[in-house]
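The block underneath contains the structure these notes are about, expressed in structure tokens.
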Amino acid sequence: MTTHRLASRSTLAPVTERRQIAPGLVVLRFLHPHIASTVEPGQFVNVLPKVGFTAPLLRRPFSVYWIEGEECEIIIQDHGLGTSILANTQVGEHLDVLGPLGSPWRYKSDDFDTAVLVVGGVGVAAMPLLTKHFLKNEVPFSTYYGARNDTLFADEYLAKVRYATDDGSKGYHGTNISLLRDELEKGSHPRIKLFACGPTKMMQAAIALADEFNVPCEVSLETEMACGVGICQGCPVETSVTENVTSGKKFYLVCTQGPSFLKEQIVI
Amino acid sequence: MQPSNGTGEVNLKVNLGNVEFKNPILVASGTFGYGSEAAKFTDISNLGGIVTKSVSWKPRPGNYPRRIVETPSGMLNSIGLANVGVHVFVDEKLPYLAEFDTKIIANIAASSQEEYCNVLEHIESHATPNLAGYEINVSCPNVKDGGLSFGTNVDMVHELTSALRPLTKRLLIVKLTPNVTSVAPFAQACEAAGADAISLINTVVGMSVDVFTHKPRLATVTGGLSGPAIRPIAVAQCYNARKNSKIPIIGIGGITSAMDAMEFFIVGASLVQLGTINFVDPDAGTKVINDLQELMKQKGVHSVDQLTNTLVIEERMKALGW
Ligand SMILES: Cc1cc2nc3c(=O)[nH]c(=O)nc-3n(C[C@H](O)[C@H](O)[C@H](O)COP(=O)(O)O)c2cc1C
Ligand code: FES
């Protein structure tokens, strides 16, 4: 079995490590030189639940959580048949992986001096490569990470983290958005930009906050996908912009035109 | 590995009307876009043909999300014929596809007979050399206007096909819906009206409900079921059409492998289309072509014609009327 066929075709990648990082959250590490050498922060891969089987049928999208050498990691939340099969993949077994897919975060844009990462739940998967880039390039940033309680954080690759929990078991007692609001209200924050990924409610709140303080905000969306590559039209997000919209005038495709969008582009 | 396209012991070529397809594996409308996205993941020149996403006169934005739900061995979709409209189609999509060594079949969806005719004539007047013909979608379950209201009415299918026939010498294929009691009268109506072939099936109306919120999972409540889950329905409908008409059949529904395609040939299809499997693997067509060649070799079959309509029914069952 070859581990690397053609750059743009699906590839069978051997799993080299499996670790549980929080209840219901498993990280799989697999060998994939192409993805490891080309992926940018915010891109994702589409992974078949069971190599060689058509049930479950569709691939599942996962942010590329981490890369090291020729290896990549994804983080799997076990919430259904497909993800449960994937979460139970063992070292030595293979994953059928297509990617990297989607457009990266606009992390090199010059509309900010300081980045603010707003993270909730498994949205964390979109943040480590972004963190790595900011650290490496000495871009100032901070991370506001919210969860229900202190057992649910997956912060191994994050930095400069301010924690918020719904039950007060770690860090700020409340949401990461209220924590961030407190900070923003304290003083002037020249040229910050929010990068948000998490539950829809959190991203809506992040957009509202960015509107209020008049700062740029980019959100990374998660939708149902059938193909992940722009052919099925199954992953629309409503847009207020009319340029460069492929599916008529009303929608962007999350898989190719996203998954991240500027707050002005979309309606969520 | 490149498929051999008809050289060697196995000849994959298939003729339909006056068109020669280099192999019988096409990709289905709506499951391959207009080719450009999939071209990043597969060599689309390997395919026997590409049926493009349904086009209407004006662009359509498609339905509100949610549009996709996975179901056992299949998926429900409610895309709502999102498409670029016929003008962008002829200005950008057809010329792009003209660069590839494969046959193009333009699928048309509309909400009136007049619109079907206008779209076909507009494409006809901008035809590219590899445009082999048209597939008329009278079977989309996910739009309020047109779609199924045509495809479930035999008289309307006959009238529409008769109206379109004089407008082109290229292939005229009518895509039928499984959402009828029997597909036989529809196959006969298309044959009588002069269509070159029928393609079947389009998706099966289906629904999925979230039991926590009591809401339908798809925004449009119901949608179209596709994938391996519908293959037995599709095989049965192709069989029924073959028994009751002579019109050539293009089999569609849940095909994921050469074995699956073979089922359709045996019950009477001359060609097949791969749909949902393209979402799982955009390179699926090439794999199926290669495997089909191997499989035919193993069976000692030299051409697809030798497979088409070769169903064997036991004599005693025939005697009982089966
Ligand atoms: C997401 C999606 C979009 C589709 N769009 C169209 C379309 O625009 N026009 C059409 O004639 N059929 C459309 N179809 C139907 C397919 O072409 C095919 O008939 C059906 O999916 C059954 O084949 P399958 O089980 O191999 O997918 C669509 C199917 C899917 C899943
Ligand atoms: S998931 Fe198919 S177009 Fe986006």
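Things to note:
- A Cβ-based charge dipole, computed about the Cα centre of region B:1-147 with Lys and Arg at +1 and Asp and Glu at -1, lands at about 420 debye.
- Taken over region A:192-232, the percentage of Cα pairs per 5 Å bin, counting from 0 up to the bin with the maximum distance, is 6, 24, 24, 15, 13, 10, 8, 2.
- Here's the picture: charge each Lys and Arg Cβ at +1 and each Asp and Glu Cβ at -1 in chain B, and of B:65, B:136, B:33 the one pushed furthest to the positive end of that dipole is B:65.
- Distance between the 7 Å Cα→Cβ label points at residue B:121 and residue B:314: 5.7 nm.
- Ligands, DNA and RNA left out, the 1.4 Å accessible surface of the protein assembly as shown is 52% carbon and sulfur atoms.
- Approximate spin-label separation residue B:64-residue B:153, in nm, with each point projected 7 Å along Cα-to-Cβ: 2.8 nm
- Scanning chain B for GluC sites (Glu not before Pro) in DSSP loops with at most 15 neighbouring Cβ atoms within 10 Å leaves B:100-313 as the longest stretch between them.
- Evaluated with a Cβ-only charge set (Lys, Arg +1; Asp, Glu -1), region B:136-258 carries a dipole of roughly 260 debye about its Cα centre, given to the nearest 20.
- Residue among A:184, A:95, A:58 with the largest mean-square fluctuation in a Gaussian network model of chain A, springs linking Cα atoms under 10 Å: A:184
- Between helix A:176-186 and chain A: long-axis angle, C-alpha atoms, 0 to 90°, nearest 10: 30 degrees
- 31 Å Cα-Cα threshold exceeded, pairs from A:132/A:263; A:170/A:193; A:132/A:186; A:108/B:287; A:250/B:169: A:108/B:287; A:250/B:169
- Backbone phi angles across region B:43-55, fed through the Karplus curve with coefficients 6.51, -1.76 and 1.60 (θ = phi - 60°), yield HN-Hα couplings of 8, 6, 5, 5, 6, x, x, 10, 9, 7, 3, 3, 10 Hz in residue order; Gly and Pro are listed as x.
- Using only alpha carbons, chain B has a radius of gyration to Kirkwood radius ratio (Rg to Rh) of 0.95.
- Dividing the helix sum by the residues of chain A, where each DSSP H run of 4 or more adds -39500 (n - 2.57), gives a mean residue ellipticity at 222 nm of -5000 deg cm²/dmol.
- Lys, Arg +1 and Asp, Glu -1 on Cβ, resulting dipole of chain B about Cα centre, debye, nearest 20: 500 debye
- Converting the Cα gyration tensor eigenvalues of the protein assembly as shown into ellipsoid dimensions via √(5λ) gives semi-axes, longest first, of 47, 26, 21 Å.
- Across all C-alpha atoms in chain A, the radius of gyration and Dmax reach 18.2, 58 Å.
- For region A:130-260, the convex hull spanned by the alpha carbon atoms encloses 140 Å³ per residue.
- Taken over the alpha carbons of region A:4-101 as equal point scatterers, the Debye sum produces base-10 log I(q)/I(0) values at 0.16, 0.22 Å⁻¹ of -0.58, -1.15.
- Taking the helices alone, chain B has a mean residue ellipticity at 222 nm of -8000 deg cm²/dmol, built from -39,500 (n - 2.57) per DSSP H run of at least 4 residues and averaged over all its residues.
- Degrees, to the nearest 10: A:200-213 long Cα axis against longest axis of chain A: 30 degrees
- Listed residues A:233, A:184, A:256: farthest to the positive end of the dipole of chain A (Cβ charges): A:233
- Solvent-accessible surface of chain A, averaged per residue with a 1.4 angstrom probe and all protein chains in place: 41 square angstrom.
The values are calculated or read from the model by the stated rules, or taken from the named source; none is laboratory data. Keep in mind that what you see is a predicted model, and the values were worked out from it rather than measured. Every residue, glycine among them, receives a Cβ derived from its backbone with ideal geometry; neighbour counts consider all protein chains shown. What goes into the accessible areas is simple: the full protein's heavy atoms, side chains included, and nothing from ligands, DNA or RNA. Shrake-Rupley method; radii C 1.70, N 1.55, O 1.52, S 1.80 Å.
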